[in-house]
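Here the structure comes first, spelled out in structure tokens, and everything after it is commentary.
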Amino acid sequence: MTTNQDSKILSVMHTNCCGLDVHKKVIVATLIVTDHSGKDVSYTKEFGAFTDDLYKLRDWLHEYDCPIVAMESTGIYWRCVHNVLEKDVEVIRVNARHVKNVPGRKTDMADSRWLAGLLRHGLLRGSFIPAKETRQWRELSRLRRKNRDTLSDYKRRVHKLFESANVKMDSVVSDLFGVTGRNVIARLMTGPTDISLADMEVCAKGSLRDKVTELHRSIQGFFEAHHRFQLRRLMHIIVMLEAENQLIDQRIERLMRPYADLIRRMDEVPGINDLSARYILSELGPDLERFPNASALVSWAGLCPGNNKSAGKRHSGRSPVTKHHLKTIMIEVAWAAVKKKGSYYKDKYWRLRYRIGPKKAIVAIAHRIMKALFYIIKNGERYRELGDQYLAQRRQKRKLVKLRREAKQLGFHLVPVESA
């Protein structure tokens, strides 16, 4: 029985296949084919990384009727190969940590032969490569998030600049870059050295009109020409990044317009708005064909514990997926979801927080939101809010069933008390 199982695991899955070790300037390919006599033959060849070299690689694969290719690459060098081969052969991109070669035998040729051998016996698990349309969404969304992080960094620099000049405006206004804050910043950049109380009255908007005197006191410091020059440069970059993000938003909205109904249904989930829905779609795509069930999706996103058990003992269950763009997005969504009053996620979070702490609890909430999104995206369902009393009512029902069972064992019949 054991022999049959082993032979089944190591049976040949692909008679013709190729392993690619991809680098910046060179691609090493090992092709394994079965000839007419049934004998396995391997060929190893090097190709350049320019596009015309990659077309030669494609023609070489066609010459031997190779339908599938596995490649291992560092960084983004695999994309050049994928652009040329994706329409002609099945491309499997594997994680380098999962296909490490035997120590002491690591060369480019040996790595390509190792990949081809693993692929031949079906021992490789490919990474998720979305469709071209989704990849374009993903690149735009990640660019926007990078701009957002850079924008936040430059806003923090403005805070530090004001502190160095004894300007305490952020102690009065809740948002330094709100309407009032930007009006004052504009005055500091272009106005006179001494800003009067009347000038502050013009700058103040909304509820801050009642704090004009305090706001005027907060800018009485040592703001000089040196600080004014820095503030102008910092605000120039901030305005530029904000304009860039607006252009990217318009581009993403135009590309995702055919999926407006799906985005609206995703927007119904607590913690998700129009922007975060587009972020999630750009990472997953609009169909989820590669994910057979919700558990597979949350596992890929790194939102579930890992298995680490040996000798009957369970060790750390930390997820092996530490850095993942979708995981970061879902954690942000979860923090927003647990702040919504009367929601199921808020009640569940506080129940978990007391037992396992805030960090593990928020990952658990992200896990549940991700499962809900799976059914919304793949099955076309709508979100149904359970409410903050759902868990309490379910616990009450379970307790009532237990009490009735215990009463029956003791020979009693449990009946509800009639209200007066």
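The values are calculated or read from the model by the stated rules, or taken from the named source; none is laboratory data. This structure is a prediction, so every number in the text was calculated from the model and none was measured. Here the Cβ positions follow ideal geometry from the backbone for every residue, glycine too, while neighbour counts run over all protein chains shown.
General observations
- Residue list for segment 177-199, restricted to those being in a helix (DSSP H, G or I) and among the β-branched types (Val, Ile, Thr): VAL179, THR180, VAL184, ILE185, THR190
- Exactly one residue out of VAL84, VAL33, VAL26 is more than 30 Å from VAL321 (Cα to Cα) and of a type in the set (Val, Ile, Thr): that is VAL33.
- Checking SER152, SER174 one by one, the residue that is outside the structural domain of ILE32 (by TED's automatic domain parsing) and outside any loop (DSSP other than H, G, I, E, B) is SER152 and no other.
- Tallying residues that are surrounded by fewer than 15 Cβ atoms within 10 Å (Cβ to Cβ) and within 37 Å of the chain's Cα centre (by Cα) within segment 24-44 yields 3.
- Near pairs, Cβ below 7 angstrom, 6+ apart or cross-chain, from segment 187-214 (free of Cβ contacts under 8 Å to residues at least 40 places away in the same chain) to any residue that is part of a loop (DSSP other than H, G, I, E, B) and not β-branched (Val, Ile, Thr): ASP199/GLY191; VAL212/ALA204
- Residues in segment 221-232 that are in contact (Cβ under 8 Å) with a residue 24 or more places away in the chain and not basic (Lys, Arg): GLY221, PHE222, PHE223, GLU224, HIS227, GLN230, LEU231.
- Test: SER11 is in a strand (DSSP E or B), among the small types (Gly, Ala, Ser) and touching a residue at least 60 places away in the same chain (Cβ under 8 Å): no
- The residue that is surrounded by the most Cβ atoms within 10 Å (Cβ to Cβ), among those in segment 370-399 that are among the hydrophobic types (A, V, I, L, M, F, W, C) and at pLDDT below 90, is LEU391.
- Search result, residues across segment 80-98 that are in contact with a Phe, Trp or Tyr (Cβ under 8 Å, 6 or more places away or on another chain) and part of a helix (DSSP H, G or I): VAL84
- Candidate set: segment 74-125, residues that are under 15 Å from THR30 (Cβ atoms) and hydroxyl-bearing (Ser, Thr, Tyr); chosen: the one nearest to the chain's Cα centre (by Cα): SER112
- If the condition is being charged (D, E, K, R) and over 16 Å from ARG113 (Cβ atoms), then segment 33-74 contributes ASP35, LYS39, ASP52, ASP53, LYS56, ARG58, ASP59, GLU63, ASP65.
- For segment 102-122, filtering for residues that are surrounded by fewer than 16 Cβ atoms within 10 Å (Cβ to Cβ) and without any contact (Cβ under 8 Å) to a residue 60 or more places away in the chain leaves 6.
- Among the residues making up segment 339-369, those that are surrounded by fewer than 14 Cβ atoms within 10 Å (Cβ to Cβ) and among the aromatic types (Phe, Trp, Tyr) are TRP350, TYR354.
- Segment 259-270 residues that are on the phi < 0 side of the Ramachandran plot, paired with ones that are of a type in the set (Phe, Trp, Tyr) and not in a helix (DSSP H, G or I) (beta carbon under 6 Å, 6 or more apart): GLU268/TYR383; VAL269/TYR383
- Within segment 297-338, considering residues that are touching a residue at least 12 places away in the same chain (Cβ under 8 Å) and among the basic types (Lys, Arg), the one surrounded by the fewest Cβ atoms within 10 Å (Cβ to Cβ): ARG318
- So ALA131, is it out of contact with any strand residue (DSSP E or B) (no Cβ under 8 Å at 6 or more places or on another chain) and closer than 23 Å to VAL69 by Cα: yes
- Flag if ASP199 is assigned by TED's automatic domain parsing to the domain that holds LYS155 and more than 21 Å from LYS155 (Cβ to Cβ): yes
- Of all residues in segment 339-373, those satisfying the criterion of being of a type in the set (Val, Ile, Thr) and in contact (Cβ under 8 Å) with a residue 12 or more places away in the chain are ILE362, VAL363, ILE365, ILE369.
- Test: residue in segment 200-212 that is under 26 Å from SER276 (Cα atoms) and outside any helix (DSSP H, G or I): no
- Taking the criterion of being over 15 Å from VAL26 (Cβ atoms), of a type in the set (Asp, Glu) and assigned to a strand (DSSP E or B), no residue of segment 57-73 qualifies.
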